[in-house]
C-alpha cells in the first residue's frame, strides 16, 4: 500500500511463488529460507518503510522489526487470502504506520505536559504565604534544639558561615561544630517531618 493513498503497491516482476515458497519454508523454521527471503525482499520492504517514516534510522529499525514479525508469524500466512509479497507489504505498512502513530502520540503527550506545566499560574501572594508558614515552622522547630545546635545552624544557614568559620567564631573545635550541625539537622528533620 502507498502511504499517500492506502492503495496496494503492485509487486515488481518478482515471481510471487518463490516468495510464497520461502514464506512457507520460514513457517516451518527454515533459517536458510528466511535468509533467502530477506535477500529477496528486504530492499523493497525498507523502501516502503522509508517512504512512510522518512527517517533512515527509524526505517532500518522498523524493517528489522518487520522481519522479526515475518519470522514469528509466517505460520499464520494464508496463501488463499493473498500473495506472500502482498502479506509482507501489508505487515510492513502496518508496522510503519504504527511507528508514525506512536511518534505522534508521544509528541502530543509531551506537548500536553509542557502546556500543563507552563499554564500553571504563578500566584505571588500564595507563594509568599506558603513561604511565611514554612519559615514559622522552621523557627518553632529551631527553638526545640539545644542552644549550641541552634547557634551552629543559625550561623551556617542564616549567616552563611562555613564550618571552619563557625569553629573560629565560637572558639570551638571544628569536630564539635560538625557534630552540632549534624545532630541539629537530624533533630530538625524529625521535628519538621522531613524524610530522606
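The values are calculated or read from the model by the stated rules, or taken from the named source; none is laboratory data. Quick caveat, the model's predicted, so the values are computed rather than measured. A quick note on method: Cβ atoms are made from the backbone with ideal geometry, for glycine too, and the neighbour counts reach across all protein chains shown.
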Any residue at all in the stretch 170-178 that's on the phi > 0 side of the Ramachandran plot and over 40 Å from the mean Cα position of the chain (by Cα)? yes
Suppose we filter the stretch 127-146 for residues that are out of contact with any helix residue (DSSP H, G or I) (no Cβ under 7 Å at 6 or more places or on another chain) and in a loop (DSSP other than H, G, I, E, B); how many remain? 1
Kindly check whether there is at least one residue in the stretch 87-94 that is at pLDDT 90 or above, assigned by TED's automatic domain parsing to the domain that holds residue 50 and exposed (fewer than 12 other Cβ atoms within 10 Å of the Cβ). no
Give me a count of the residues in the stretch 147-185 that are out of contact with any helix residue (DSSP H, G or I) (no Cβ under 8 Å at 6 or more places or on another chain), under 18 Å from residue 135 (Cα atoms) and either modelled with pLDDT of 90 or more or part of a helix (DSSP H, G or I) (or both). 2
Condition met for residue 95 (touching a residue at least 24 places away in the same chain (Cβ under 8 Å) and over 30 Å from residue 29 (Cβ atoms)): no
Considering only residues that are in contact with a helix residue (DSSP H, G or I) (Cβ under 7 Å, 6 or more places away or on another chain) and outside any helix (DSSP H, G or I), look in the stretch 38-83 and name the one that is surrounded by the fewest Cβ atoms within 10 Å (Cβ to Cβ). 83
